[in-house]
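One structure below.
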Amino acid sequence: MAKSSQAILTVAGVDKTYDGATRPALDRISFSVEPGEFFSILGPSGSGKTTLLRMIAGFEQPDVGRILMDGDDITHVPPFRRDVRTVFQSYALFPHMSVLENVAYPLRMAGARKGERLAKARECLELVSMGDFAARLPHQLSGGQRQRVALARAIVCRPRILLLDEPLGALDLRLRQQMQHMLVSLQRELGIAFVYVTHDQGEALSMSDRVAVMSEGRIAQLGTPREIYFDPSSEFVAQFVGRSNLLPIECVSREGGITALLDGQPLSGITTPRTGPARMAIRFECVRLAAADEPANGACSVAGKVEDVLFLGNALEVNVRCGGLNIIAAVTSAGEGYPLGREVRVLFDASNATVFHG
Ligand SMILES: Nc1ncnc2c1ncn2[C@@H]1O[C@H](COP(=O)(O)OP(=O)(O)OP(=O)(O)O)[C@@H](O)[C@H]1O
Ligand SMILES: [Mg+2]
């Protein structure tokens with residue numbers, strides 16, 4: 001294939017069914033990653049993320065399809081010949097080697113001289129803020145520190161692509177957030193393409209240039225974090241990415257157009273291409289609450305009663321019973337509270353709602 005393509009990595013029509021499995025782990029997967037891109041693969045457990053990553057690394061073979069790097073077909077190239085490194089969730093450091101020796105190890109395997117490999121290993125430890133820990137053994141480190149060492153070891157040979165499989169999964173929330181910032185600045189500094197696997201939508205949205213959302217071995221949607229978040233292409237994506245109400249609506253012909261009804265009440269400004277039953281996704285944070293007698297001012301508006309409230313620190317999730325259904329609003333916790341049973345008006349803008357037919 002000609003090297004005209006800009007992509008550093010192309011996965012082209014890949015299928016994979018494990019021996020004895022009844023359904024494919026990967027089903028017609030195709031996408032490309034640009035040089036220096038932060039590309040995430042997001043999906044629930046069992047959706048095929050690790051299988052896909054192992055295939056890019058060369059540990060699995062596709063039944064059908066090809067993997068290309070810089071336009072070259074590497075489908076049958078063994079893992080150690082691919083310019084790719086992987087960081088796994090369990091940071092498999094060598095227990096008897098110091099931090100510095102661990103990081104220098106891939107350079108030793110590549111035949112680099114001692115002086116060069118120690119200098120490069122030190123440089124990488126500085127990049128992940130672990131310079132002061134060079135002499136320690138892995139068991140003398142915390143989980144987050146070990147993971148940073150594993151990262152330094154993966155980048156010491158400057159691969160063109162770094163694969164990361166849930167690398168922050170074992171860390172607590174605060175450490176995960178710190179590591180997210182570190183990963184983003186590290187990736188910018190190095191210019192290496194990252195392919196980052198996670199089931200945590202917050203992680204995928206906050207760090208990535210683009211996200212592929214996977215469901216049952218297929219890519220359900222591929223787009224920028226904003227596209228995935230604000231313009232989900234299916235109910236699955238709407239539910240999996242962020243927190244959304246998924247409400248049954250009825251679209252009926254009325255006054256020469258189509259009107260959407262929520263629990264029998266017309267919704268202002270919702271446009272749909274056809275009549276019949278449908279579902280409308282509206283994010284918790286796009287729902288506002290107002291006094292029961294407040295005018296709607298062009299917004300979609302439903303009356304209801306507060307059924308329960310979750311306190312989430314900076315936000316409250318208020319579950320409002322509106323006739324035959326429940327709508328959840330995420331509102332700031334700074335204002336007044338919402339006593340159970342209070343009558344409220346639920347408001348949202350049609351522009352924030354997405355309608356799914358069929
Ligand atoms: N070695 C294997 N042999 C047989 N089936 C496998 C093997 N590895 C994975 N599978 C199956 O393939 C499917 C995809 O698994 P995979 O590990 O890729 O999912 P995942 O998205 O990484 O999930 P998780 O988030 O739990 O890590 C699952 O149904 C799994 O049971
Ligand atoms: Mg996995």
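The values are calculated or read from the model by the stated rules, or taken from the named source; none is laboratory data. What you see is a predicted model; the values in this text were computed from it and never measured. Because the Cβ atoms are built from the backbone with ideal geometry, glycine has one as well, and the counts that use them run over all protein chains shown.
Data for the structure
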| item | result |
| --- | --- |
| For residue 183: the one exception among (1) within 26 Å of residue 48 (Cα to Cα); (2) touching a residue at least 60 places away in the same chain (Cβ under 8 Å); (3) away from ligand 2 (no atom under 16 Å from the Cβ) | (2) |
| Residue identified as closer than 21 Å to residue 94 by Cα and charged (D, E, K, R) among 188, 158 | 158 |
| Conditions (1) assigned by TED's automatic domain parsing to the domain that holds residue 205; (2) touching a Pro at 6+ places or on another chain (Cβ under 6 Å); (3) among the hydroxyl-bearing types (Ser, Thr, Tyr): number failed by residue 259 | (1) |
| Single match in 152, 134 (criterion: within 27 Å of the chain's Cα centre (by Cα) and among the small types (Gly, Ala, Ser)) | 152 |
| Failed criterion for residue 167 (all others in (1) crowded, with 19+ Cβ neighbours inside 10 Å; (2) outside any loop (DSSP other than H, G, I, E, B) hold) | (2) |
| Close pairs from segment 274-286: first touching a residue at least 40 places away in the same chain (Cβ under 8 Å), partner of a type in the set (Lys, Arg), Cβ under 7 Å, at least 6 apart | 283/243; 284/243 |
| Residue count for segment 31-45, restricted to those that are within 13 Å of ligand 2 (Cβ to nearest atom) and either free of Cβ contacts under 8 Å to residues at least 24 places away in the same chain or in contact with a strand residue (DSSP E or B) (Cβ under 8 Å, 6 or more places away or on another chain) (or both) | 4 |
| Of all residues making up segment 284-295, the number that are surrounded by 14 or more Cβ atoms within 10 Å (Cβ to Cβ), assigned to a strand (DSSP E or B) and aliphatic (A, V, I, L, M) | 2 |
| Test: residue in segment 296-308 that is touching an Asp or Glu at 6+ places or on another chain (Cβ under 9 Å), assigned to a loop (DSSP other than H, G, I, E, B) and surrounded by fewer than 18 Cβ atoms within 10 Å (Cβ to Cβ) | yes |
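Yes/no per residue for (1) away from ligand 1 (no atom under 13 Å from the Cβ); (2) farther than 26 Å from residue 104 by Cβ:
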site: 169; (1), (2): no, yes
site: 172; (1), (2): yes, yes
site: 179; (1), (2): yes, no
site: 192; (1), (2): yes, no
site: 196; (1), (2): no, no
site: 203; (1), (2): no, yes
site: 217; (1), (2): no, yes
site: 222; (1), (2): yes, yes
